[in-house]
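The values are calculated or read from the model by the stated rules, or taken from the named source; none is laboratory data. Predicted model, so just to flag it, every value in this text is computed and none were measured. As a convention, Cβ positions derive from the backbone with ideal geometry for all residues, glycine included, and neighbour counts pool all protein chains shown. Surface accessibility is based on the protein's heavy atoms, side chains included, excluding ligands, DNA and RNA. Shrake-Rupley method; radii C 1.70, N 1.55, O 1.52, S 1.80 Å.
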Amino acid sequence: MMSDSTTMTQTKPAVLILLGPPGAGKGTQARMLEETFGLVQLSTGDLLRAAVSQGTEAGLAAKAVMEEGGLVSDEIVLAILQDRMAEPDVAKGVILDGFPRTAGQAAALDGLLEENGQSVTAAISLEVDDEAMIARVAGRYTCAKCGEGYHDEFKQPEVAGVCDKCGGTEFKRRADDNAETARARLEAYHAQTAPLIAHYKALGVLEEIDAMGSIDEIASGLGSIVKRVSA
């Protein structure tokens, strides 16, 4: 019987997109999918920082824009993404977190993948209840040392004040993790993501999952989707 980490045997790497508002648990779930299926989470922020640090052609272009206080263009982001997806460690597939954010970016991503003989395997929308999500966002915090995520209600360290992962004893909260900011971000997310939902539904690759359950329940549902679409 094959393990989860060996079930994804398609010729081309899987391309999974996680859609969900701030606080929906995309980062946590992406890390769990990485461990279970051997996928690699790619976030645009991390990719940009790495490309700049490595001094790649696209990274240098991004650095020039950022130093002038501008927004990095979709073309540069796609070039950095293309470079990263050509590396050997993503052979089993990637999870895109934070990109695409608009219908234009989604279309551009489709074009990039098509050039490589690939396509989006699944765009998984983490469906949430807005008011419950606001409470979830307002209560989250992280370990200041390793970044492990916690929550006042849903996930506290096993030993109070001590990080389960690294043993750190200092924690921090993001300045924008409050109810007012969370509500505004949710409204912006829904407005921005509606076209993406329509785009991937039209392509027949949209999957939806209830993201208001426990972390393990959501992980189980996501795992079932990934196994099915990658068979």
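What percent do you get for the relative contact order of the chain when only Cα pairs under 8 Å and 6+ apart count?
28
What's the FRET efficiency of Ala135 with Ala64 using the Cβ-Cβ distance as r and R₀ = 45 Å, to the nearest 0.05?
Using R0 = 45 Å, I get an efficiency of 0.60.
Taking the Cα of Ser119, stepping 7 Å toward and past its beta carbon, and measuring to each backbone N in the range 188-231: which are under 20 Å?
196-208, 225-231
For the charge dipole of the range 8-157, defined by +1 on Lys and Arg C-beta atoms and -1 on Asp and Glu C-beta atoms about the Cα centroid, which residue among Leu126, Gln29, Gly104 has the Cα displaced farthest towards the positive pole?
It is Gln29.
Pop out the ³J(HN,Hα) list for the range 118-128 in order, Karplus 6.51 cos²θ - 1.76 cosθ + 1.60 with θ = phi - 60°, rounded to Hz; leave Gly and Pro as x.
With coefficients 6.51, -1.76 and 1.60, one gets 10, 7, 5, 6, 7, 10, 9, 9, 7, 7, 9 Hz.
Can you give the FRET efficiency to the nearest 0.05 for Thr181 and Arg228, using r as the Cβ-Cβ distance and R₀ = 45 Å?
Working from the Cβ atoms, E equals 0.80.
If you find the alpha carbon centre of the range 169-229 and of the range 124-151, how far apart are they in angstrom?
11
Counting Lys +1, Arg +1, Asp -1, Glu -1, what net charge surrounds Ile124 among other residues with beta carbon under 13 Å of its beta carbon?
-1
From the helices alone, meaning DSSP H stretches of at least four residues, give me the mean residue ellipticity at 222 nm for the chain, per-run term -39500 (n - 2.57), in deg cm²/dmol to the nearest 500.
It lands at -15000 deg cm²/dmol.
Based on Cβ point charges of +1 for Lys and Arg and -1 for Asp and Glu, what charge dipole magnitude is obtained for the range 130-231 about its Cα centre, in debye rounded to the nearest 20?
Roughly 360 debye for the range 130-231.
List the pairs from Lys26/Lys155; Lys165/Lys227; Lys63/Lys92; Lys12/Lys227 whose alpha-carbon separation is above 20 Å, in the order I gave them.
Over 20 Å apart, Cα to Cα: Lys165/Lys227; Lys63/Lys92.
What residues qualify as long-range amide H neighbours of Val15, i.e. H under 5 Å apart, gap of 5 or more or another chain, H built at 1.01 Å from N?
Val94, Thr121, Ala122
Any idea of the accessible area per residue across the chain, 1.4 Å probe, to the nearest Å²?
52
Considering only protein heavy atoms and a 1.4 Å probe, what is the carbon-and-sulfur percentage of the accessible area of the range 135-231?
C and S atoms contribute 51 percent here.
What does the C-alpha gyration tensor say about the overall shape of the range 170-231? Classify as rounded when a/c is under 1.5, otherwise prolate if a/b is larger than b/c, or oblate.
The shape class here is oblate.
About the Cα centre, and with charges only on the beta carbon of Lys, Arg (+1) and Asp, Glu (-1), how big is the dipole of the chain? Nearest 20 debye, please.
So the magnitude is around 220 debye.
Would you please give the residues with an amide H less than 5 Å from that of Phe171, counting only those at least 5 places away or on a separate chain, with H modeled from the backbone geometry?
Those qualifying (amide H under 5 Å, at least 5 residues apart or on another chain) are Ala144.
Ignoring ligands, DNA and RNA, what percent of the accessible area of the range 5-90 is carbon or sulfur (1.4 Å)?
52
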